[in-house]
Amino acid sequence: MIGVRASHAGARARPSVFPIRYNAAHHAGAPALAMVTIYHSPTLYRLTTRIGYGPDYAARYTLIADVIRAPGDVLELCCGDLALHRHLEARGLLKSYIGLEHSGAMLKLARRHGVDVRAFDVRSGDPVPTADTVIMQASLYQFHDIADTLLPRLYAAARRLLVIAEPVRNLSQSRRRSVRWLARALTRTADGRVHVFRYTEGTLLALYDHCKIPVSRLDRTPSRYELVVSSLKAPSATADVEAGRRSVTDSHTGVGRSPR
Ligand SMILES: C[S@@+](CC[C@H](N)C(=O)[O-])C[C@H]1O[C@@H](n2cnc3c(N)ncnc32)[C@H](O)[C@@H]1O
C-alpha cells in the first residue's frame, strides 16, 4: 500500500508507506494537514505494535488473560486490531465479546472477521454497555483530559472486573529519533492528534485514588512498557478464598495496595 504523503500547500510530495488521509479535524491552531495515521491500516498497526513493544508484545495479552481467568462477557473499548480478542478467544475466555472503536478501518476489519465491534466515540459520553469484564488497553492516555469521569464510567460498566492496561514508558520523548518516530506513529489518531501524554505508575494510581476506584492487582509487562491495573468488584467464589489470603497482588514487585 504505497501512497503519497501530502504536506502543506506547495510542499513536495514524497512517497510514503502510509495511506493518504486528509482530515478536517486538526489541532487547535494547526493547519489542515494530510494526517498520517497507522489506525487506517490494521496490518500496519499490528506491525508497528509488534516492533514498538518488542519482547513485551506477547506479555501484554497474556497478563490480561491471566487476570480474567474464567470465561465471561467481555467489553473492550478501543479494541484496535483485535489482537486481544484473538488471544482471549484462543484461551477460551470469551462467552461473549463486544468491542467499541472509532476507527473505520478497525471496524471494517472486525466486520470481515465476524467480530461484534461497534462504532463508538469514547468522548461522546454515550452510555457504556455493561459486561462481566471491561477492558481498555493502551488507550486511556488518549483521554487523560476526561479520565476522571471516564474511569468511573468504565468501572460502573464492569459487573465483575475492570482492567486498564497503560503504557507507562514514554517513548515518544526518547532521545533516539527512530524510537520517537515509532512511538509517535503508534499514538497519532485519525483526527491527527499525536498523544504524547503518558501516565507514570504514580500518576495512574493517583487517578484511581482520586476516582475512589479500588486497585486489586498490579502487573507489569517484563520490560515495564505496560502496567495492568485490575479492579475486582464482585469476586468469584475462588477469588473470595484467595482474597482472604492476600488482599492485593503485585506480580512483579510484591508491592501491594489495599482495596478500599
Ligand atoms: C493505541 S491504540 C490501542 C489499540 C489496542 N487496544 C491495543 O492495545 O493495541 C488506541 C485505539 O483507540 C482508538 N480510539 C481513538 N480515539 C477513540 C475514540 N474517541 N473513541 C473510540 N476509540 C478511539 C483508536 O482507533 C485505536 O484503535
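Bear in mind that the values in this text are calculations on the coordinates, not laboratory data. These numbers come from a predicted model, not from an experiment. No Cβ is skipped: glycine too gets one built from the backbone with ideal geometry, and neighbour counts run over all protein chains shown.
Which peptide among 83-89, 160-166, 100-106 comes first, and what is the full order, when sorted by highest mean count of other Cβ atoms within 10 Å?
On the way: 83-89: 18.6, 160-166: 24.4, 100-106: 20.6.
Top of the packing list down: 160-166, 100-106, 83-89.
Within 10 Å, count the other beta carbons around each residue, average over each peptide in 59-70, 123-134, and list them highest first.
Details: 59-70: 18.4, 123-134: 16.2.
Going from most to least packed, we get 59-70, 123-134.
Can you pull the one-decimal nm distance between simple spin-label points at residue 91 and residue 200, each 7 Å off the Cα toward Cβ?
3.0
If region 107-213 were replaced by its equivalent ellipsoid, with semi-axes equal to the square roots of 5 times the Cα gyration tensor eigenvalues, what would those be, largest first, whole Å?
On the way: eigenvalues 122, 84, 28 Å².
Semi-axes (√(5λ), whole Å): 25, 20, 12.
Taking 0.36 nm per intervening residue step and subtracting the Cα-Cα distance, what contour gain separates residue 123 from residue 176 on full extension? Numbers along the way, then the final one.
Numbers: separation 53, 0.36 × 53 = 19.08 nm, distance 3.25 nm.
So the chain would gain 15.8 nm between residue 123 and residue 176.
How far apart, in nanometres, would the label points at residue 224 and residue 211 be if each is projected 7 angstrom from Cα along the Cα-to-Cβ direction?
The answer from the label model is 2.4 nm.
Please report 48, 187 as a ranked list, fewest other C-beta atoms within 10 angstrom at the top and most at the bottom.
Ordered from fewest to most neighbouring Cβ atoms within 10 Å, 48, 187 come out as 48, 187.
Suppose a student asked you for the relative contact order of region 187-231, using Cα pairs under 8 Å spaced at least 6 residues apart; what percent would you report? Before the final figure, lay out the partial values.
Details: 31 pairs, mean separation 10.9, N = 45.
In percent, rounded to a whole number, it is 24.
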